[in-house]
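Report on the structure given below.
The values are calculated or read from the model by the stated rules, or taken from the named source; none is laboratory data. Note that the coordinates shown come from a computational prediction; the quantities given were computed from them, not determined experimentally. Neighbour counts are summed over all protein chains in view; Cβ atoms, including those assigned to glycine, are modelled from backbone coordinates with ideal geometry. Just the protein is used for accessible areas: all its heavy atoms, side chains included, with ligands, DNA and RNA removed. Shrake-Rupley method; radii C 1.70, N 1.55, O 1.52, S 1.80 Å.
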Amino acid sequence: MTFDDGILKIYSTENIADIGKKPVIGLKEKSSHYFGFETVGVTRYYAAMQANSSISAVVHIWQDREIEAEDICILEDQKQYKCSFVQHMQNKENLPITKITLERLKEDYVIQKN
């Protein structure tokens, strides 16, 4: 298992508006990881279709239990994806990994500037 397909960033959705202003839901960076792509299996693909969602990709990273479903992931293509399913597990070599199923967002969030 390799982690050489690039670097992804994980974000949480939060109110990023200035104090006293109208709320604006945007992205706040949580973490950054090297990742590898997984094969999207036929069973997983059709199960997502039945649930009215579409899987864009499945990626794996070194385990990070802070990542939750509903977090937002941005790959190097700068597209935003919802982490629709997050699995914290051991791979075949007994290494701790997190497998994340990504679903492309229809509308992008604003990213909080540091």
> What is the extension gain from residue 39 to residue 22, computed as 0.36 nm multiplied by their sequence separation minus the C-alpha to C-alpha distance, in nm to one decimal?
Replying inline: 1.9 nm
>> Going Cα to Cα from residue 30, which lysines come in below 25 Å? Please leave out same-chain ones fewer than 8 positions away.
In response: 9, 21, 22, 79, 82, 99, 106, 113
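At a 10 angstrom cut-off on C-beta neighbours, averaged per residue, how do the peptides 15-21, 86-92 rank from highest to lowest? Write out the running numbers ahead of the final one.
Working: 15-21: 9.9, 86-92: 11.7.
Ranking, from highest mean packing down: 86-92, 15-21.
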>> Multiplying the sequence separation of residue 66 and residue 32 by 0.36 nm and subtracting their Cα-Cα distance, what value in nm do you get?
In response: 11.1 nm
> Using a 1.4 Å probe on the protein chains only, how many percent of the accessible area of the chain belongs to carbon and sulfur?
Replying inline: 49
> What number, rounded to the nearest 500 deg cm²/dmol, is the helix-based mean residue ellipticity at 222 nm of the chain, given -39500 (n - 2.57) per DSSP H run of at least four residues and division by all its residues?
Replying inline: -2000 deg cm²/dmol
